[in-house]
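Notes follow the structure.
The values are calculated or read from the model by the stated rules, or taken from the named source; none is laboratory data. Small disclaimer: the values here were computed from a predicted structure and weren't measured. Using ideal geometry, Cβ is built from the backbone for each residue, glycine included, and neighbour counts are taken over all protein chains shown. The protein model used for the area step is the full one, side chains on, heavy atoms only, and it has no ligands, DNA or RNA in it. Shrake-Rupley method; radii C 1.70, N 1.55, O 1.52, S 1.80 Å.
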Amino acid sequence: MASKNFDMIVIGAGPGGYVAAIRGAQLGLKVAIVEREHMGGICLNWGCIPTKALLRSAEVFHLMERAKDFGLKAEGIGYDIDAVVKRSRGVAKQLSSGVSFLMKKNKVDVFMGEATLPAKGKVSVKGEKGVEELTAKNIVLATGARARELPGLEGDGKRVWTYKDALQPPHMPKKLLVIGSGAIGIEFASFYNTLGAETTVVEVMDRVLPVEDAEISAFVKKQFVKQGMAILEKSTVKKLDRGKDKVTAHIEAGGKVTTQEFDTVISAVGIVGNVENLGLEKLGVKIDRTHVVTDQYCQTGVDGLFAIGDIAGAPWLAHKASHEGVMVAELIAGGKPHPVKPESIAGCTYCHPQVASVGYTEAKAKELGYDVKVGRFPFIGNGKAIALGEPEGMVKTVFDAKTGELLGAHMVGAEVTELIQGYVVGRQLETTEAELMETVFPHPTLSEMMHESVLDAYDRVIHI
């Protein structure tokens, strides 16, 4: 069979791969993309997007329950879980077909099937039409990751769920156990708890959302407990006894094992990179704990082979993958892009209340030897937050006391996933506290708290 030759082949059409393909095409490269399942990858189809659609339904439901607080009347409030899920799937489908349109618009050749790399510069695609052989000087691995499954805690689609089951629930949980309190675990816990499931979260580390600043974790835990969640920290689920309509969890904490019964369990204990069955080892690609080892430009050390996104390691975020995709395409086209700095990438968790952060936590900054100045501002001191009926939250900023560099920003509360970008831009522009203090923030907005938090770090705060 005749080989098809390209300048760049991308394997995986998630937010890393499809963005790399578009940027490559914009720069005049002849680009092919290989995808085995869905255009848009996990993020669009089974991750970021459908979860946000579900969480939006829960948020509206929560507001309807609070109608009286706003002088409104809403009676006989309820929900139809199937309709909530149907909306979420519709949102995902719309965006997935949008990616297919973008491939066509940018003249990217799409090959649906499983890819392997039989030799350097070669990609073999096994699809419905049989096997197609593609060649290119540059190949970009963007195969993403999947849920980590711990022995004995595997999903069964009935009572023990993976994230995919949780997005299309076979039943509405009454008593739910969520194993893992990273972003995925907490978002599902928040969704089902808001809809009335009695929810317990088990976290092996000493706090929920363990990658966040300790103060933010403590604040958000208090809110979850107030909402009726049970949070078990420094705890491990040792095993699950599965019955027809119940699961008995053996939970170890402080050396003691206790059992609790649940009707549903969601396992959200991290991810593993999709590195198998590609032929990477034979090419000499280094793999460390299911992730491809790369340099700051996503180069694997094998000439012309790049790895981006989740497969290339933390932070496991769609926007990091997209940015790396652009960087790699520009590199292949002969440009000189800046490397992506992990500490300049914001993390967002869409639970209720939302959590968002960028840069170093206070503890990390101190550990790195910085002398720090820390500012805080509570939502309760902000007019817009009070008017929204969202007075629970805080903004925390961490500065280098010597230079005024913004080392990190950490937030919890309404709409902080949108607010964080202000600090991300600030860090990108290498701003100091002086510029942030002199910036005029519009009133009344939640963003004013970002200003006040900076002022607080330098003992100039106005509204507390």
Mean separation of Cα contacts under 8 Å, 6 or more apart, over the residue count of the chain: relative contact order % = 14
Carbon + sulfur, % of accessible area of the range 363-457 - ligands and nucleic acids excluded, 1.4 Å = 54
Mind listing the Cα extents of the range 1-154 along all three principal axes, in Å, largest one first?
-> 68, 43, 23
Between the alpha-carbon centers of the range 136-171 and the range 173-241, tell me the distance in whole angstrom.
-> 20
Loop only per DSSP, at most 14 neighbouring Cβ atoms within 10 Å: give me the GluC sites (Glu not before Pro) in the range 69-145, ordered by residue number.
-> 75, 128
Can you give the helix-only mean residue ellipticity at 222 nm for the chain, where every DSSP H stretch with n ≥ 4 adds -39500 (n - 2.57) and the sum goes over all residues, rounded to the nearest 500 deg cm²/dmol?
-> -9500 deg cm²/dmol
In nm, give the distance between the simple-model label positions of residue 105 and residue 303, each being 7 Å from the Cα along the Cα-to-Cβ direction.
-> 3.7
Mind grabbing the accessible area of residue 112 for me, 1.4 Å probe, Å², rounded to tens?
-> 90
For the range 32-104 and the range 246-297, what is the separation of their Cα centres, given in Å?
-> 26
Any of 158/239; 105/164; 52/341; 30/104; 93/384; 4/126 with alpha carbons more than 23 Å apart? Name them for me.
-> 105/164; 52/341; 93/384
Of all C-alpha pairs within the range 126-246, those more than 19 angstrom apart amount in percent to 56
If you take the charge dipole of the chain about its Cα centre, with +1 on Lys and Arg Cβ and -1 on Asp and Glu Cβ, which of 379, 416, 301 is farthest toward its positive end?
-> 301
Length gained, residue 83-residue 258, 0.36 nm per residue minus C-alpha separation, equals 59.3 nm
Interatomic Cα distance distribution for the range 370-461, bins of 10 angstrom, percent = 18, 54, 25, 3
Calculate, axis by axis, the spread of Cα positions in the range 55-117 along the three principal axes, and write the results as whole Å, longest axis first.
-> 59, 22, 18
Which residues qualify? For residue 239, with a placed amide H closer than 5 Å and at least 5 residues away or on another chain, they are 250
Treat each spin label as a single point 7 Å out from the Cα along the C-beta direction, and report the residue 148 to residue 56 distance in nm.
-> 3.2
Per DSSP, the loop-located trypsin sites (Lys or Arg not before Pro) within the range 196-267 having at most 15 other beta carbons within 10 Å are 234, 244, 246
Zone of residue 387 (label point 7 Å along Cα→Cβ, backbone N under 16 Å): which residues in the range 56-70?
-> 70
Write down the accessible area per residue of the range 334-464 in Å², having rolled a 1.4 Å probe over the full set of protein chains.
-> 47
Using θ = phi - 60° and the Karplus form 6.51 cos²θ - 1.76 cosθ + 1.60, what ³J(HN,Hα) does each residue of the range 157-166 get, whole Hz, x for Gly and Pro?
-> x, 9, 10, 10, 10, 8, 4, 5, 5, 5
Loop-located trypsin sites (Lys or Arg not before Pro) in the range 394-434, at most 13 other Cβ atoms within 10 Å (DSSP) = 402
Jot down the radius of gyration and Dmax of the range 231-273, Cα atoms only, both in angstrom.
-> 11.6, 33
With +1 at each Lys and Arg Cβ and -1 at each Asp and Glu Cβ, the charge dipole magnitude of the chain around its Cα centre, to the nearest 20 debye, comes out at 1240
Among beta bridges assigned by DSSP with both residues in the chain, the antiparallel ones amount in percent, to the nearest 5, to 60
Dividing the Cα convex hull volume of the chain by residue count, how many Å³ per residue is that?
-> 172
Which value, in Å², gives the accessible area per residue of the range 150-226 when a 1.4 Å probe is used on the protein heavy atoms?
-> 38
Which value, in debye to the nearest 20, gives the size of the charge dipole of the range 272-429 about its Cα centre, when Lys and Arg are +1 and Asp and Glu are -1 at the Cβ?
-> 320
What is the pair-distance distribution P(r) of the range 158-197, computed from all Cα-Cα distances in 10 Å bins starting at 0, with each bin given as a whole percent?
-> 29, 67, 4
The set of residues whose placed amide H lies less than 5 Å from the amide H of residue 266, leaving out same-chain residues fewer than 5 positions away, is 161, 177, 178, 179
